[in-house]
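The values are calculated or read from the model by the stated rules, or taken from the named source; none is laboratory data. As the structure is a prediction and not an experimental result, all values here were calculated from the model. Because the Cβ atoms are built from the backbone with ideal geometry, glycine has one as well, and the counts that use them run over all protein chains shown.
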Amino acid sequence: MALPLLPGVYIMHGADGGIIYIGKAKALKNRVSQYFGSQNNHPEKVRRMVDNVDDFEYIITDSEFEALILECSLIKQHAPKYNILLKDDKGYSYIKISPGDWGKLSYALQKADDGATYIGPYKSSFYVKSAVEEANKIFMLPTCGRQFPRDFRKARPCLNYHIKQCMAPCTGRVKLEDYRESLRQALDFLKGGSSHSVKQLTAQMEEAAENLEFERAARIRDKIAAVKKMGDKQKVILSRELEEDVIAGFSAGGKTCFQVFRFEGGRLFDRESFIFESGDSETDTEEFLISYYTLRNDIPKTIALGSGFEGLEDVQRWLSEKRGSKVSLTVPQRGEQAQLCAMCRSNAAEALAQQQGATVREYGVLEELKQALALEKLPEYIECYDISNLAGTENVAGMVVYKNGRPLKSAYRKFKIKGFEGQDDYASMAETLTRRFEEYLKAEASEEGFGRLPDLILLDGGKGQVAAVREVMNRMNIDVPLFGLVKDDKHRTRAVTGDGGEISISSKRALFAFLSKMQDEVHRFAVGYHHTRRKNAVFRSSLTSIDGVGEVRAKALLKHFRTIENISKADLQELIDAPKMTRDCAQAVYNYFHVEGTDDEK
């Protein structure tokens with residue numbers, strides 16, 4: 001199909017005719033042709049989508065902005081599988097006070113006919129949950145499952161009592177009057193905010209002091225201090241913009257998380273997190289914004305973004321028309337707003353790390369590695385290689401794998417160098433990577449093992465090793481970032497070398513520790529394999545000195561009995577029953593290990 005160089009919307013169809021993706025373009029021909037170019041340049045989500053495209057159509061528009069409006073409408077109407085789709089499941093939340101004299105404070109997503117008192121609704125579940133948790137801590141209200149007065153004196157107070165976060169009515173020593181006063185103060189705090197609560201508590205403290213109720217005055221003083229301390233925490237996440245959303249994303253492990261911080265009156269009042277299948281938060285920012293604000297009518301005046309995109313002005317115009325007044329989309333580079341975006345991005349990384357079993361620290365060092373090596377994407381899957389031999393004998397290679405910053409030992413592989421005899425580290429490395437890529441070309445696509453290409457290949461060595469492997473990759477048309485790990489005189493990792501020269505890493509402590517640990521791990525793995533082969537070679541040579549035992553029988557015996565010691569302890573019948581053994585040969589082996597004589601003769 002001949003495509004025009006005009007703005008418009010393109011619609012991808014699957015084999016069943018259904019719409020699987022809708023996108024917009026400034027120039028339809030250029031944008032659509034990108035999908036069907038080299039698949040190595042696309043993230044996994046796009047590759048899967050292209051594999052399922054059976055047909056496509058397009059609609060020409062007068063401008064890219066009109067294409068954006070049409071795209072939003074069509075996505076909302078058809079909900080294509082490969083577009084970012086968010087559900088409008090943002091409900092209301094309530095503050096709940098359970099029934100009875102000893103009522104407890106909690107939050108609820110909906111009202112129930114249970115005799116409890118509900119305050120609300122509030123549009124931010126994040127705010128309600130956080131505020132109720134803080135109120136229970138400050139005013140030392142119980143959050144356990146015990147019922148009062150039924151459970152008085154039936155068990156010891158829990159940990160919250162000992163860390164001064166619960167007054168422990170379970171002890172039976174708390175007066176109902178004091179409990180209800182704390183509950184009332186907590187509700188005042190939730191309804192009026194911290195400043196209003198401090199004023200009321202201060203008045204109550206002064207009244208108690210005037211009435212010589214010094215213990216009660218001291219308790220109220222402690223509550224005031226707790227409220228003020230909580231207020232100081234909130235100052236960390238204040239925005240100079242009274243009404244603002246801050247949006248940033250983080251991608252790893254083939255998934256992306258977008259985090260949204262929502263500010264009202266300069267205070268963070270809501271936080272939302274969205275995780276979906278995609279590999280690039282930067283290219284998905286525009287699509288996420290469109291999907292998110294399609295479901296929202298309360299659009300703020302200012303939206304700060306962690307990364308920009310080409311169609312930013314058109315999206316800003318669309319948001320302004322939707323709001324009915326000007327909306328400012330910014331990508332701050334410094335100052336408070338940039339710090340808020342960085343905080344938002346860190347929270348996105350934390351949410352994704354928790355889901356995938358990694359940590360923000362591990363993702364942080366991968367981000368540092370990406371920047372240091374100028375990689376296009378985060379190196380979530382790294383393969384590292386090392387060669388080990390002794391004067392050219394028992395030449396072997398080891399491959400270790402790091403996934404999301406952690407060793408993936410199930411994907412480690414060993415290679416015995418077969419192509420030549422003698423010592424040649426460059427040729428050994430070239431043979432190892434040739435065999436690895438041959439396995440990739442034969443294997444079916446998979447999440448780990450030889451069925452996938454890594455995001456980064458590291459070699460224990462310098463320019464020579466890199467050049468040898470680069471020649472292999474060019475010949476086999478493999479496109480993966482390739483670098484060598486260079487050691488100093490004390491065998492410590494000092495730099496990374498590539499086609500463009502050395503990159504020092506000594507000043508980057510986290511990255512230095514990460515790469516040093518990886519280089520030590522691949523060296524340990526390769527040397528361990530080399531020692532095993534040398535040991536087995538010595539064992540085989542001792543066995544082949546026995547009459548009737550050649551190389552094949554020696555290997556079979558070692559494979560069957562595992563160790564020389566087990567062979568020496570085996571009785572005659574066990575040796576006869578072993579693979580590839582005859583009775584005469586078994587007798588010879590038995591006699592070899594059980595011959596009588598002096599220790600020297602043995």
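Details
- Checked against the criterion of being at pLDDT below 90 and more than 20 Å from HIS523 (Cβ to Cβ), the candidates TYR381, TYR363 yield just one match: TYR363.
- Test for PHE274: is it over 25 Å from the mean Cα position of the chain (by Cα), outside the structural domain of TYR381 (by TED's automatic domain parsing) and assigned to a strand (DSSP E or B): no
- Selected residue (only one of LYS24, LYS45 is modelled with pLDDT under 85 and of a type in the set (Lys, Arg)): LYS45
- Cβ pairs under 9 Å, 6+ apart, first in region 545-565 and exposed (fewer than 13 other Cβ atoms within 10 Å of the Cβ), second of a type in the set (Phe, Trp, Tyr) and modelled with pLDDT under 80: THR563/PHE539
- GLU181, sole failed condition from (1) in a loop (DSSP other than H, G, I, E, B); (2) more than 29 Å from PHE288 (Cβ to Cβ): (1)
- Qualifying residue in region 392-406 (condition: assigned to a helix (DSSP H, G or I) and in contact (Cβ under 8 Å) with a residue 60 or more places away in the chain): no
- The sole residue among ALA353, ALA338 that is among the small types (Gly, Ala, Ser), within 18 Å of the chain's Cα centre (by Cα) and more than 25 Å from SER73 (Cβ to Cβ) is ALA353.
- Hits in region 569-586 - residues which are buried (at least 16 other Cβ atoms within 10 Å of the Cβ) and either touching a strand residue (DSSP E or B) at 6+ places or on another chain (Cβ under 7 Å) or in a helix (DSSP H, G or I) (or both): GLU574, LEU575, ILE576, CYS585, ALA586
- Test for THR532: is it touching a helix residue (DSSP H, G or I) at 6+ places or on another chain (Cβ under 7 Å) and either modelled with pLDDT under 80 or under 20 Å from ILE382 (Cα atoms) (or both): no
- Hits in region 134-171 (condition: among the small types (Gly, Ala, Ser) and within 21 Å of ARG184 (Cβ to Cβ)): ALA135, ALA168
- Residue match in region 252-272 (condition: surrounded by fewer than 17 Cβ atoms within 10 Å (Cβ to Cβ) and at pLDDT 85 or above): no
This table checks each residue for (1) over 30 Å from VAL365 (Cα atoms); (2) in contact with a Leu (Cβ under 8 Å, 6 or more places away or on another chain); (3) in contact (Cβ under 8 Å) with a residue 12 or more places away in the chain.
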{"residue": "THR302", "(1), (2), (3)": "yes, no, yes"}
{"residue": "GLN316", "(1), (2), (3)": "yes, yes, yes"}
{"residue": "ARG323", "(1), (2), (3)": "yes, no, yes"}
{"residue": "GLU336", "(1), (2), (3)": "no, no, yes"}
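- ARG540 vs. criteria at pLDDT below 90, over 28 Å from ALA252 (Cβ atoms) and not polar (S, T, N, Q): yes
- Residue in region 30-42 that is touching a residue at least 40 places away in the same chain (Cβ under 8 Å), surrounded by 17 or more Cβ atoms within 10 Å (Cβ to Cβ), of a type outside the set (A, V, I, L, M) and not assigned by TED's automatic domain parsing to the domain that holds GLU313 present: no
- Residue within region 221-233 that is modelled with pLDDT of 85 or more, within 24 Å of VAL128 (Cβ to Cβ) and of a type in the set (A, V, I, L, M) present: no
- Set GLU336, GLU286, GLU313: member being surrounded by fewer than 17 Cβ atoms within 10 Å (Cβ to Cβ) and either modelled with pLDDT of 90 or more or closer than 21 Å to GLY254 by Cα (or both): GLU313
- A search for C-beta distances below 9 Å between a residue of region 167-185 that is free of Cβ contacts under 8 Å to residues at least 24 places away in the same chain and any residue that is assigned to a loop (DSSP other than H, G, I, E, B) and among the small types (Gly, Ala, Ser), counting only pairs 6+ apart in sequence or on different chains, returns VAL174/ALA168.
- Filter result for GLU471 (charged (D, E, K, R), over 20 Å from VAL396 (Cα atoms) and more than 27 Å from the chain's Cα centre (by Cα)): yes
- The residues listed here are TYR363, TYR385; of these, the one that is buried (at least 20 other Cβ atoms within 10 Å of the Cβ), part of a helix (DSSP H, G or I), hydroxyl-bearing (Ser, Thr, Tyr) and touching a Leu at 6+ places or on another chain (Cβ under 9 Å) is TYR363.
- The listed residue being on the phi > 0 side of the Ramachandran plot and within 28 Å of the chain's Cα centre (by Cα), out of GLY449, GLY461: GLY449
- Among residues of region 302-332 being in a loop (DSSP other than H, G, I, E, B) and among the aliphatic types (A, V, I, L, M), the one that is farthest from GLU286 (Cα to Cα) is VAL327.
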